[in-house]
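The values are calculated or read from the model by the stated rules, or taken from the named source; none is laboratory data. Remember, predicted model here, so these are calculated numbers, not experimental data. Virtual Cβ from ideal backbone geometry, glycine too; neighbours counted across all protein chains shown.
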Amino acid sequence: MNAVGGFETNDLTIDFFERVRAIAPDKADIVDFGAGRGQWLEDHSPRRREIHDLRDVAGRLVGVDVDPVVMTNPSLDEAFVIEAGQPLPITSGWADIVVADWVIEHIDDPAWFAGECGRIVKPGGWVCGRTPAKAGYIALGARVVPNGRHFRVLRRLQPGRKNEDVFPTRYKLNSLAAISAAFGDEWENLTFPVWPNLDYGGSSVVLERAQRVWKAVAPDRLAPVLWVFLRRR
């Protein structure tokens, strides 16, 4: 972490949300899919919180989540508790942007998610998200550890992580091929792999070194994170 400004060099949260802002039309209608309790509001970096908070570019910001905690999220204009597999409580063709930030890895039914995005996003609108790539070291490590033990492991690597922010992972929509197959020709797929900063292993020197080795030897297509950008034709 570079102390100047309170955020990382090449900070990827700032980069991602700058891109979301760049494609947002004036007074955009935005759906925060998997909005949760708004964990990002606790980020220690004021600049990251500022850039993540889309209320200044949104005409209306609606959050949906299977977890009732979404009803406590103070960053939303409106919140709904949803049931996976059921229609979202969003009018067809309403949304300019659906943001799914670190959520896609938890989706159990890609066809349902893609179908609902296709229903609620207007032509020219976007689905934007960050998610671990299935073939990257983050997803590989998570799949080695049973879902029931994820919090124990993350508590050691990321002591600030709270139990209520850890959810079961599925990795059914976490490759370029899987995204293209689920969304089909009605979407322009502009998804690309990204190398994150080397902090996912927390304070573990061993994991930091392993990440450095992976980045040195692996091709870019095996970068551990995908930035999902899909434009509705």
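Computed quantities for the displayed model
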item	result
Boolean, A114 is within 18 Å of the chain's Cα centre (by Cα) and assigned to a loop (DSSP other than H, G, I, E, B)	no
Selection status of G124, surrounded by fewer than 24 Cβ atoms within 10 Å (Cβ to Cβ) and either in contact with a Pro (Cβ under 7 Å, 6 or more places away or on another chain) or closer than 21 Å to L190 by Cβ (or both)	yes
Residues of the stretch 187-202 satisfying the condition of being modelled with pLDDT of 80 or more and either assigned to a helix (DSSP H, G or I) or out of contact with any helix residue (DSSP H, G or I) (no Cβ under 7 Å at 6 or more places or on another chain) (or both)	W187, E188, L190, F192
Which listed residue is within 15 Å of the chain's Cα centre (by Cα), of a type in the set (A, V, I, L, M, F, W, C) and outside any loop (DSSP other than H, G, I, E, B), from V64, V70	V64
Condition met for V99 (at pLDDT 95 or above and assigned to a strand (DSSP E or B))	yes
Single condition G5 does not satisfy, out of (1) touching a residue at least 40 places away in the same chain (Cβ under 8 Å); (2) assigned to a helix (DSSP H, G or I); (3) surrounded by fewer than 12 Cβ atoms within 10 Å (Cβ to Cβ)	(3)
Single residue of A84, A79, A35 found to be part of a loop (DSSP other than H, G, I, E, B) and within 17 Å of D101 (Cβ to Cβ)	A35
Out of A142, A133, sole residue that is at pLDDT below 85, over 20 Å from D32 (Cα atoms) and within 19 Å of the chain's Cα centre (by Cα)	A142
Residue identified as among the hydrophobic types (A, V, I, L, M, F, W, C) and either surrounded by fewer than 15 Cβ atoms within 10 Å (Cβ to Cβ) or at pLDDT 80 or above (or both) among V205, V166	V205
Residues of the stretch 18-34 satisfying the condition of being surrounded by 18 or more Cβ atoms within 10 Å (Cβ to Cβ) and within 24 Å of E8 (Cα to Cα)	V20
Selected residue (only one of P25, P89, P74, P68 is without any contact (Cβ under 8 Å) to a residue 60 or more places away in the chain and farther than 29 Å from K172 by Cβ)	P74
Every pair of residues 6+ apart whose Cβ atoms lie under 8 Å, when the first sits in the stretch 206-233 and is under 30 Å from F183 (Cβ atoms) while the second is in a helix (DSSP H, G or I) and among the small types (G, A, S)	P224/A139; R232/G118
